[in-house]
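Since the structure comes first, as structure tokens, the remarks are kept for the end.
What follows is calculated from the coordinates using simple rules that are stated; it is not laboratory data. On a predicted model such as this, the values are computed, not experimentally measured, just so you know. Quick reminder, even Gly has a Cβ in these numbers, built from the backbone with ideal geometry, and neighbours come from all protein chains shown.
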Amino acid sequence: MAHRTNVMICTCTNCISNGALKIKDALEAEIQQRELAEDVLLVPTSASGLCVRGPILVIQPDGILYQQVKPKDVPNMVEEHFLKGRPVEALMYVAPGADSPIPELRDISFFKDQRLIALRNRGMINPDKIDEYIARDGYKALAKAVSAMNPEEVIEQVTQSGLRGRGGAGFPTGRKWSSRRKMQGDIKYVICNADEGDPGAFMDRSIIEADPHSVIEGMAIGAYAVGASHGYVYVRMEYPLAIKRMAVAIEQAREFGLLGKDIFGTGFDFDLEIFRGAGAFVCGETTALVMSIEGRPPEPRQRPPRTALWGKPTVINNVETWANVPAIINWGAEWFAEIGTEKSKGTKVFSLAGNVNNAGLVEVPMGITLREIVYDIGDGIPNGKAFKAVQTGGPSGGFIPADLLDLPVDYERLDEAGAMMGSGGMVVVDEDSCMVDMAKYFIEFSSDESCGKCTSCREGSDVLLAILTRICEGNGQEGDVELLEELGEAIKDASLCGLGQSLPNPVLSTLQHFREEYRAHIEDKNCPAGVCKALFQYEIDAETCNACGACKKQCSYDAVEGEKDVPHTIVMAKCTTCGACYEACNFDAVRKVPNTAGKMVARA
């Protein structure tokens, strides 16, 4: 072989669920069998980003990306690429609608427009080996901070960088650190909020899985800056791989003297431990998170006073915020501040999910447009469908319509559009989505996850859900739209914490941008997208039907009738509106039409 081949195999949760560990085992066996151990190095990495195409392998130094690899593909890959130097086109990425593959990762649109800071080591290192993190300037920033800078200088760098909290609120990080620095106390704490519970969100999990030492280093720098000696990484139990990798990283950092007593011989003491959360969504709110660590019911409390663990000065930032800190100290506040917009500096990590071809984890400069994210990075909507909206900010975020696709993504512009940055969830919906049903889905989640402390949130979310359910079932009433708006504003005004205050956003934003859909549900008893089952039914067009029998074969309820060569019909009393006939028809003969009865047909 002309050069040593490094096989970077993504072992994030997404790729593992798609069989990455089986690929790893098959590769190890093949390499051993062919006696290639001296020529081929297998490196388990994480967070490739292109999660929907996993398992992902990147062959270096060629830069070739292989996607959706199966164990049966491994022998041919080793033979053709590793031994003969002929990359396997069948395993390469093919853009939607294209005929030829794109061999190199750097040429794939998903990766081209990204700028990696928090994710700077993704796909480059084995997260379980501290040596590989150190080889890429790991802990250099910590050494610089504690040896060559005083705490005030560190805080000044973070302040000048313009870094804002990436957990959702966007509060200036330097200002938060400065206030805690000034507070008196013999004990202070720093906490990493990794309690990520948003549907469709996996930013924090992916960062920890790919690069846990970046979070540890950022926390240690923050602890030095504010005068803290102990820290907690608060991770929900649903993230077992993130917990495992963080635990390994903490132990390695201790062994290297990067956590514990007298770090770098400077007299600075700092140590970390993991706190496993039980999975309550409200624990993402900082005061509730603190209550959870203290062993009390995780309910938010009013601020001021400031968040304080056991009454001691405490800094809480999320995973992405901490991961940015070492880069700022290494490369300078001015460098970071040059990226992004006037008030939103740096980059933002998003989990791009929903109806988009290239779903996955992306890191982009603040100020990039939604269109660039959805169409340039995400490669557009599957099956030629039209873009309808994108929901940003998790279950408490808002929906942004197609006419705002060129909106720059930053804290201020998203707020103006009725949405929010949040922690970085981004769910794309296409023309087949019902916006009333989407609002109902997220309100159902928030209602279920409400801690119940505030009457406005506890009772208000249930009432919102009841009204939305009624509308989707064809029983909407005149005045429901106005009632939803009034109730939504009341919940925002009266709720104690940020979760309750933003809970109505899915409803209010869909009312703002898709009001006609609510009117169609209420006044016409029609779901334009054909999603709300009570408001549509299936029928077979006799002129289009060629009596092939495909729909009849797929129906589990014998609701399709018709003999050979005779156009088929659907018996409404038997139909459950499951859609099996609709999916089976290749001639567009099965169609969705409004349910003229205006209510769900009673089933036998």
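In percent, rounded to a whole number, the relative contact order of the chain is 11, using alpha-carbon pairs under 8 Å and six or more apart. A Cβ-based charge dipole, computed about the Cα centre of the chain with Lys and Arg at +1 and Asp and Glu at -1, lands at about 1300 debye. The separation of segment 257-284 from segment 187-239, counted between C-alpha centres, amounts to 8 Å. For the chain, hydrophobic long helices are taken as DSSP H runs at least 18 Å long by C-alpha position along their axis with mean Kyte-Doolittle hydropathy of -0.5 or more; these are 20-33, 212-226, 240-255, 319-331, 435-449, 455-472, 480-494.
Taken along the Cα-to-beta-carbon direction at a fixed 7 Å, the label points for LYS343 and ASN6 span 4.2 nm. Take every Cα pair under 8 Å whose residues are at least 6 apart in sequence, average their separation, divide by the length of segment 315-423, and the relative contact order is 19 percent. Using only side-chain charges placed at the Cβ, +1 for Lys and Arg and -1 for Asp and Glu, the dipole size of segment 533-594 relative to its Cα centre rounds to 260 debye. Within the straight-line cut-off of under 14 Å between alpha carbons, the aspartates and glutamates reachable from LYS345 are GLU320, GLU334, GLU363, ASP410, GLU412, sequence neighbours fewer than 8 places apart in one chain being disregarded. Evaluate E = 1/(1 + (r/R0)^6) for ARG86 and ALA148, where r is the Cβ-Cβ distance and R0 equals 60 Å; express this FRET efficiency to the nearest 0.05. With R0 = 60 Å, the Cβ-Cβ based efficiency is 0.75.
Over the chain, what is the percentage of antiparallel beta bridges among all DSSP beta bridges, to the nearest 5?
60
Only helices enter the 222 nm calculation for the chain: every DSSP H run of n ≥ 4 contributes -39,500 (n - 2.57), and dividing by all residues gives -10000 deg cm²/dmol, rounded to 500. Each peptide in 381-388, 497-504 gets a packing score, the mean of other Cβ atoms within 10 Å over its residues, and the list from highest to lowest is 497-504, 381-388.
For the residue pairs LYS261/LYS312; LYS244/LYS453; LYS312/LYS348; LYS182/LYS492; LYS188/LYS261; LYS112/LYS348, the alpha carbons lie more than 27 Å apart in LYS244/LYS453; LYS312/LYS348; LYS182/LYS492. Please work out the FRET efficiency for the pair LYS574 and MET183, using the Cβ-Cβ distance as r and a Förster radius of 60 Å; give the result to the nearest 0.05. Computed FRET efficiency for LYS574 and MET183: 0.30.
Could you rank the peptides 553-559, 436-442, 209-215, 446-452 by their average count of other C-beta atoms within 10 Å per residue, with the highest value first?
For the peptides 553-559, 436-442, 209-215, 446-452, the packing ranking is 209-215, 436-442, 446-452, 553-559.
Each peptide in 51-61, 509-519 was scored by the mean count of other Cβ atoms within 10 Å over its residues; highest first, the order is 51-61, 509-519.
For GLY474, the amide hydrogen comes within under 5 Å of no other amide hydrogen, counting only partners 5 or more places away or on other chains and with H modelled in the peptide plane.
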